[in-house]
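Nothing in this text is a laboratory measurement; each read-out follows from the coordinates by a stated rule. All values derive from a computational prediction rather than experimental measurement. Don't worry about glycine lacking a Cβ; one is built from the backbone with ideal geometry, like all the others, and counts go over all protein chains shown.
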Amino acid sequence: ASSGPLSETIKLVPQTLTWHRRDGGIVLLCTLLPFLPGSYDNLAVALSEMAHMFGVVGLLLVPVGLIWLAANRSSRLTQRRHVVWLATEID
């Protein structure tokens with residue numbers, strides 16, 4: 001068994017996936033709270049709006065992440081990584 005940085009990262013993958021599932025479930029539950037049976041609840045509406053905003057901001061960050069991935073994988077863009085970083089910060 002190797003003991004490099006990659007093997008340490010691979011060991012963290014199941015734990016990270018568990019965190020993502022849990023966090024996604026919490027956001028989904030908060031989004032659906034106003035639609036569950038029961039009386040009107042101001043907190044449920046506020047939590048739903050916050051979850052909706054997290055989703056919108058997350059979707060807006062997808063293009064930034066794709067540009068960063070392309071910059072790290074492309075030999076042409078690797079030399080200009082600071083320009084790509086600046087362009088994504090301006091966005």
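Note that the stretch 20-26 has calculated 3J(HN,Hα) couplings of 5, 5, 4, 5, x, x, 5 Hz, one per residue in order, obtained from phi through the Karplus relation 6.51 cos²θ - 1.76 cosθ + 1.60 (θ = phi - 60°); glycine and proline are x.
Under 5 Å from the amide H of S74 lies no amide H of any residue 5 or more positions distant or on a separate chain, with H modelled from the backbone and absent for Pro and chain starts. Note on the stretch 20-80: Rg/Rh from C-alpha atoms, Kirkwood Rh, equals 1.28. Here the label points at A46 and L86, each 7 Å from Cα along the C-beta direction, are separated by 4.2 nm in the simple model.
Karplus-derived 3J(HN,Hα) values for the stretch 45-56, using 6.51 cos²θ - 1.76 cosθ + 1.60 with θ = phi - 60°, are 5, 5, 5, 5, 5, 5, 5, 4, 5, 4, x, 5 Hz; glycine and proline are entered as x.
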